[in-house]
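Chemist: First the structure, then my questions, so here it is.
Read the figures in this text as sums done on the coordinates, not as results from a lab. Please read these numbers as outputs of a predicted model, since none were measured by experiment. Glycine also receives a Cβ, built like all others from the backbone with ideal geometry; neighbour counts cover every protein chain displayed.
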Amino acid sequence: MTPSAPKGALKKRSGLSRFFRNNMGLVYILPWLIGFLIFKLYPFASSLVYSFSNFHLFKGITEWGVMNYVEAFTSKKITTALLTTIKYSIFTVPLKLVAALFIAYILNFKIKGVNFFRTAYYIPSILGGSVAIAVLWKALFRDEGLINGLLAMFGVQGPSWLSNPDYALFIICILRIWQFGSAMVIFLAALKGVPTELYEAATIDGAGKWRQFRSITLPMITPVVFYNLITQLVQAFQEFNGPYIITQGGPRNSTTLISLLVYNFGFKQNEFGMASALSWIMFIIVMVFTILAFVSQKYWVYYGDEEGK
Amino acid sequence: MIGVKARNRISTFFKYFVLIVVGFIMVYPLLWMVSATFKSNNEIFSGIGLIPQNPTLDGYRNAMNDYGGDINLLRSMLNTYSYVIPKVIFTILSSAITAYGFGRFDFKGKRILFAVMLSTLFLPQVVLNVPQYLLYNTFGWVDSPWYLALIIPTLFAVDTYFVFMLVQFMRGIPKELDEAAQIDGCNTFQTLVKVIAPMLKPALVSCALFQFMWSSNDFMGPLLYVNTPAKYPAAIFVKLSMDADNGFAWNRVLAISLISIIPSLIVFFAAQNQFIEGISAGSVKG
């Protein structure tokens, strides 16, 4: 405070400093808040606006309307991509969660070398998103790759996995299911949190292992199942690297997920309006699935404390 | 009827059997990848074994050669870490500060803002890509030699997963510690630096590790925002080398791929427990 400052300014400043003293938290979250407004909220809102235009990077906007959405739902290519994306997510997410829970369940018994197994199962999750692993996947599933080499040992002539539209999507799915390690680690931590008294009581009551799993383990870890379900769903719907690098969306568009179309429209053809509309359709599909999961949780997710969440 | 002991032995055997078989299937592709880099191109696809019959370093030797142009493998890896490391540092700083604000203070609108922050966890990045690209283009960040489009946003805690994780951790640090520090004359920022940050260290390390992995693996970011070949990171270089060599020099492509993930592997093996603790802590208590 400079001594010569006029009285009004002094008063105002002390008011401001009181505000900050009472709302110091706001000051600390300010970086995030600014980032949220500029890098999240503004892009989020403007992509909705763009989605109702024919915005082209070089031609600008000459027309407004719902034509992108009309085209999206009438173009065979786009509706197919939407269905493929849903198919991809519905196939990979449950399988990934089941694999993760199954292995975590076994690891939760007093297993010797649990750390070793945990690491082995976890590595694919850490590396799986890299381009290097996508390249490896392509080598594994080539016509004369490791997988067909293995099949040949059993006298089976393996198919052309990556050039056959019936199989290519399946290969992309396997890449993601293979990365179940992170979900497994989360399940394992949750399983460790289930009180052992419950199992002891159940054993005295004569409940078998399967019964115990269904009546104790599963209900107790439903919050974590729910968490894994949501995070995996959101990720699966956005899958890009696998199909982009391994199959380029082919053969015959069988692995063209919606994120690939957004990329192609937006950054290859510079049709930002169309790309925005597609990304919003995808967003709404993700939202619907997420809301369904949230609504359904009162039927199957068990929270220990009374108040629910 | 078989006895309890025999049944336990069978079930133990079954558990190890499953763990080993499934684990083997999980890891075998990676082992095969390593072995393929020491095989000749003729041998790679002629069998499924791991031991090269005529071990050769051709794959590695060729991996070190460039394809002409301004970029080679080592240079692309340097490029990768020249933005990954700033991203990691900025993410930790901005996330810790934001988490401190949410975790330790009350202010108007806190509940709503916290809910907003959590909801961005579920916001697909794809929805933001087009306007973000235009925005960064306006700022002159696209194809900037300093990777500004990739780095600058991390100054603003945009990866809210980390904020969430740190808030969860902070709940376990007794508030009495803050109060004691304030009685000793620390202001709130000094409290964060001297009291909270040291207690938060394991969580901060986890955040750093995950951001390191995710940023090193990131492909979409550089695909959109790096267009100068000399500035390509490893993710792009590996993709290009695969396109260039497709069908004839797989030992080279696989060697390039493997080398590109060696730093990640080293970091993972040096810090695997922090990874596993970090991922469990962020989710279970929620």
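Chemist: Can you tell me the relative contact order of chain A? Whole percent, Cα pairs under 8 Å, sequence separation 6 or more.
Modeler: Relative contact order for chain A comes out at 26 percent.
Chemist: Over segment B:17-136, what is the relative contact order in percent, taking alpha-carbon pairs closer than 8 angstrom and at least six residues apart?
Modeler: 12
Chemist: While we're here: Calculate I(q)/I(0) for segment A:229-309 by the Debye formula, one identical point scatterer on each C-alpha and no solvent, and give its log10 at q = 0.14, 0.27 Å⁻¹ to two decimals.
Modeler: Scattering profile of segment A:229-309, log10 relative to I(0): -0.59, -1.25.
Chemist: Compare the Cα positions of A:Phe170, A:Leu41, B:Gln53 along the charge dipole of the protein assembly as shown (+1 at Cβ of Lys, Arg; -1 at Cβ of Asp, Glu; about the Cα centre) and return the one farthest towards the positive end.
Modeler: Result: A:Leu41, furthest along the dipole toward the positive end.
Chemist: Report the normalised scattering of chain B as log10 I(q)/I(0) at q = 0.08, 0.09, 0.10, 0.15 Å⁻¹, calculated by the Debye formula with identical scatterers on the alpha carbons.
Modeler: -0.51, -0.62, -0.74, -1.18
Chemist: Now, a different point. For peptide A:16-28, what's the mean number of Cβ atoms from other chains within 10 Å of each residue's Cβ?
Modeler: Shielding by partners across A:16-28 averages 5.
Chemist: I've got another one for you. Could you work out the Rg to Rh ratio of chain A, with Rh taken as the Kirkwood radius (inverse of the mean 1/r over all Cα pairs)? Before the final figure, lay out each step's value.
Modeler: Numbers: Rg = 25.9 Å, Rh = 23.6 Å.
Rg/Rh: 1.10.
Chemist: For a quick size check, give me the Cα extents of segment A:132-244 along its three principal axes, largest first, whole Å.
Modeler: Extents along the principal axes, in whole Å: 55, 36, 23.
Chemist: Now for a different question. Compute and list, largest first, the equivalent-ellipsoid semi-axes of segment A:176-306 from the alpha carbon gyration tensor, each √(5λ) rounded to a whole angstrom. Can you show the working numbers first?
Modeler: Values: eigenvalues 343, 56, 22 Å².
Computed over segment A:176-306, the values are 41, 17, 10 Å.
Chemist: Further question on the same structure: Would you please put B:227-238, B:30-41 in order of how densely packed they are, using the mean number of other Cβ atoms within 10 angstrom per residue and starting with the highest?
Modeler: Output ranking for B:227-238, B:30-41: B:227-238, B:30-41.
Chemist: Another question about this same structure. Mind checking which helices in chain A clear 30 Å along their axis (Cα) and have mean Kyte-Doolittle hydropathy of 0.0 or more, DSSP H runs only?
Modeler: A:76-107, A:272-300
Chemist: Using the charge dipole of segment B:67-284 (Lys, Arg: +1 at Cβ; Asp, Glu: -1 at Cβ; taken about the Cα centre), state which of B:Leu204, B:Ile173, B:Ser144 has its Cα farthest towards the positive end.
Modeler: B:Ile173
Chemist: Related question: How large is log10 of I(q)/I(0) for segment B:174-264 at q = 0.12, 0.15, 0.19, 0.20 Å⁻¹ when the intensity is taken from the Debye formula with one equal scatterer per alpha-carbon?
Modeler: -0.59, -0.70, -0.89, -0.95
Chemist: List the DSSP H helices in chain B whose Cα atoms stretch 27 Å or more along the helix axis and whose mean Kyte-Doolittle hydropathy is at least 1.6.
Modeler: Passing helices, by number: B:250-270.
Chemist: So how strong a dipole does the protein assembly as shown carry about its Cα centre when Lys and Arg Cβ are +1 and Asp and Glu Cβ are -1, to the nearest 20 debye?
Modeler: Approximately 1160 debye in magnitude.
Chemist: Let me ask something else about it. Taking the Cα centre of each part, how many Å lie between segment B:266-281 and segment A:139-201?
Modeler: Cα centres, segment B:266-281 to segment A:139-201: 22 Å.
Chemist: Now, a different point. Which whole number gives the average, over all residues in A:118-129, of C-beta atoms from other chains lying within 10 Å of the residue C-beta?
Modeler: What the average comes to for A:118-129 is 6.
Chemist: Can you give the mean number of other chain Cβ atoms that lie within 10 Å of the Cβ atoms in peptide A:283-290?
Modeler: Mean number of neighbouring Cβ atoms from other chains: 2.
Chemist: Here is a follow-up. Springs between alpha-carbon atoms under 10 Å, Gaussian network over chain B: tell me which of B:Asn62, B:Asn72, B:Asn251 tops the mean-square fluctuations.
Modeler: B:Asn62
Chemist: Calculate, in whole percent, how much of the Cα-Cα pair population of segment B:27-162 lies beyond 25 Å.
Modeler: Looking at segment B:27-162, the distances longer than 25 Å represent 56 percent of pairs.
Chemist: In addition: Once amide H atoms are placed 1.01 Å from N in the peptide plane, what residues at a sequence separation of 5 or more from A:Ser53, or on another chain, have their amide H within under 5 Å of its amide H?
Modeler: Distant-sequence amide H within range of A:Ser53: A:Gly65.
Chemist: Can you give the Kirkwood hydrodynamic radius for the protein assembly as shown, in Å, rounded to one decimal and based on Cα pairs? Present the calculation step by step, with values, prior to reporting the outcome.
Modeler: Numbers: mean 1/r = 0.0379 Å⁻¹.
Final number for the Kirkwood radius of the protein assembly as shown is 26.4 Å.
Chemist: How big is the charge dipole of chain B about its Cα centre, in debye rounded to the nearest 20, if each Lys and Arg gets +1 on its Cβ and each Asp and Glu gets -1 on its Cβ? List each step's numbers first, then the result.
Modeler: Values: 20 positive and 15 negative charges, 197 e Å.
Here chain B has a charge dipole of around 940 debye.
Chemist: Have a look at A:Phe52, A:Ile78, B:Tyr16 and report the one farthest towards the positive end of the charge dipole of the protein assembly as shown, computed about the Cα centre with Cβ charges (Lys/Arg +1, Asp/Glu -1).
Modeler: Toward the positive end, the furthest listed residue is B:Tyr16.
Chemist: Mind checking which lysines have their C-alpha under 17 Å from A:Lys87, skipping anything on the same chain fewer than 8 residues away?
Modeler: A:Lys76, A:Lys77, A:Lys96
Chemist: Express in whole angstrom the spacing between the alpha-carbon centres of segment B:79-156 and segment B:202-260.
Modeler: One Cα centre to the other: 21 Å.
Chemist: Most fluctuating residue of A:Phe19, A:Phe39, A:Phe267 in a GNM of chain A with Cα springs under 10 Å: which is it?
Modeler: A:Phe19
Chemist: Return B:Phe169, B:Phe102, A:Phe55 ranked ascending by Cβ neighbour count within 10 Å, so the fewest neighbours appear first.
Modeler: So the residues, fewest neighbours to most, are B:Phe102, B:Phe169, A:Phe55.
Chemist: Same structure again: So for chain B, averaging the separation of alpha carbon pairs under 8 Å that are six or more residues apart and normalising by length, what relative contact order in percent results?
Modeler: Relative contact order for chain B comes out at 30 percent.
Chemist: Please work out the Kirkwood hydrodynamic radius for segment B:2-62, using every pair of different C-alpha atoms, and report it in angstroms with one decimal place.
Modeler: 14.1
Chemist: With each run of n ≥ 4 DSSP H residues scored as -39500 (n - 2.57), what mean residue ellipticity at 222 nm is computed for chain A after dividing by its residue count and rounding to the nearest 500 deg cm²/dmol?
Modeler: -20500 deg cm²/dmol
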